[in-house]
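Taking it in order: structure first as structure tokens, then the write-up.
The values are calculated or read from the model by the stated rules, or taken from the named source; none is laboratory data. Model, not experiment: these values are computed from the prediction. Quick reminder, even Gly has a Cβ in these numbers, built from the backbone with ideal geometry, and neighbours come from all protein chains shown.
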Amino acid sequence: MELNLKRDLCFFDIESTGLNVIKDRILQIAIIKVKADGSIQQELSMLINPGIPISEEAMRIHGITPKDLANKPVFEQVAAQIFDFIGNSDLAGYNCHRFDVPMLMEEFARVGYDFSIDNRKVIDVQRIFYKMEPRTLKAAVKFYCNKDLLDAHDALNDVRATLDVLKGQLDIYNGKMLLDDEGNETTIAVENDINKLHEFTNDLKTIDGTQRLKYNEKGEIVFNFGKYTNQTVKNVFKEDKNYFHWIQKMEFSHQVKKIVKNIFDEMYQK
């Protein structure tokens, strides 16, 4: 089944120095852009010198060593190319909502690019898979595409596999109903529609990739950590302005800092 797109969709995958989206750095990125009319696919793949050590655990997973990156550009040198390649596309990936998207946002923020996802749809193929058939990417390729995933954890191969898996999911789950905990049919699970895939693969109550902020039942932004858990950001800033300044100084993601800054500025800089 071909993708039903309203605008371009960029599938992407990142390999990194570790799993901390704030402290670690990107050392490989691969992107496949599927055009809105479905007729053209463009690919971008590159190695990046992260400028910091690669953890032993990360090297065991992706096999990329400091020697492989010695003469490669740093992120600042390729940021414009990546930024322009993605453009205003929607995004898709495997576990991208919690890892790849926030890590890419952090890298862009460090070099002065405001890479926002506010007006993008984000499709996390892993969440479709985990909701419908909880397994790994390798198993997903076998299950949905009836083939083996070769050279796993090479970013471009993983992106190709993710694209194939989404198409397979759309074929297999076409018209299939999602069941609730009691086995009752609720809604059509997976539809070939970017808006509905975005809703299905995202926790719409969670606002940022690091899950520090969320919406409450009234649609208000509340803290999802620390001493002010479940209290609205606005009420906290009314009582404790220093909490805003503390967040800006500490190791929170660029996305979190930007969201709370917008709220703070709206409250006190009118």
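Six or more apart or on different chains, Cβ atoms under 7 Å: show the pairs whose first residue is in segment 89-105 and closer than 22 Å to Gln41 by Cβ and whose second is modelled with pLDDT under 95 and among the acidic types (Asp, Glu).
Here the result reads Tyr94/Asp158, each pair linking segment 89-105 to a residue that is modelled with pLDDT under 95 and among the acidic types (Asp, Glu).
Based on this model, can you work out whether Lys227 counts as free of Cβ contacts under 8 Å to residues at least 24 places away in the same chain and surrounded by 13 or more Cβ atoms within 10 Å (Cβ to Cβ)?
Spelling it out, it is not the case that Lys227 is free of Cβ contacts under 8 Å to residues at least 24 places away in the same chain and surrounded by 13 or more Cβ atoms within 10 Å (Cβ to Cβ).
For segment 86-115, how many residues are of a type in the set (A, V, I, L, M), more than 30 Å from Lys176 (Cα to Cα) and not in a loop (DSSP other than H, G, I, E, B)?
Within segment 86-115, residues that are of a type in the set (A, V, I, L, M), more than 30 Å from Lys176 (Cα to Cα) and not in a loop (DSSP other than H, G, I, E, B) number 5.
Taking segment 170-188, which residues are in contact (Cβ under 8 Å) with a residue 60 or more places away in the chain and not polar (S, T, N, Q)?
Leu170, Asp171
Among the residues of segment 200-239, count how many are aromatic (Phe, Trp, Tyr) and over 24 Å from Ala189 (Cα atoms).
Looking only at that region, the number is 4.
Would you point out the residue of segment 27-47, among those that are assigned to a strand (DSSP E or B) and not aliphatic (A, V, I, L, M), that is surrounded by the most Cβ atoms within 10 Å (Cβ to Cβ)?
Going through the qualifying residues, I end up with Gln28.
Being at pLDDT 90 or above, surrounded by 13 or more Cβ atoms within 10 Å (Cβ to Cβ) and in a loop (DSSP other than H, G, I, E, B), is that true of even one residue in segment 154-169?
No, that holds for no residue.
Return the residues of segment 116-143 that are within 12 Å of the chain's Cα centre (by Cα), more than 21 Å from Gly18 (Cα to Cα), in contact (Cβ under 8 Å) with a residue 12 or more places away in the chain and not in a strand (DSSP E or B); say none if nothing qualifies.
Ile117, Arg120, Lys121, Val125, Arg127 - these are the residues of segment 116-143 that are within 12 Å of the chain's Cα centre (by Cα), more than 21 Å from Gly18 (Cα to Cα), in contact (Cβ under 8 Å) with a residue 12 or more places away in the chain and not in a strand (DSSP E or B).
Starting from segment 36-64, take each residue that is small (Gly, Ala, Ser) and list its partners that are not in a loop (DSSP other than H, G, I, E, B), counting only C-beta distances under 6 angstrom and pairs at least six apart or across chains.
So the pair list comes out as Ser45/Ala30; Ser45/Leu156; Gly51/Val74.
Taking into account only those residues within segment 172-222 that are acidic (Asp, Glu) and outside any loop (DSSP other than H, G, I, E, B), which is nearest to the chain's Cα centre (by Cα)?
Glu199
Could you count how many residues in segment 63-85 are in contact with a Leu (Cβ under 8 Å, 6 or more places away or on another chain) and assigned to a loop (DSSP other than H, G, I, E, B)?
2
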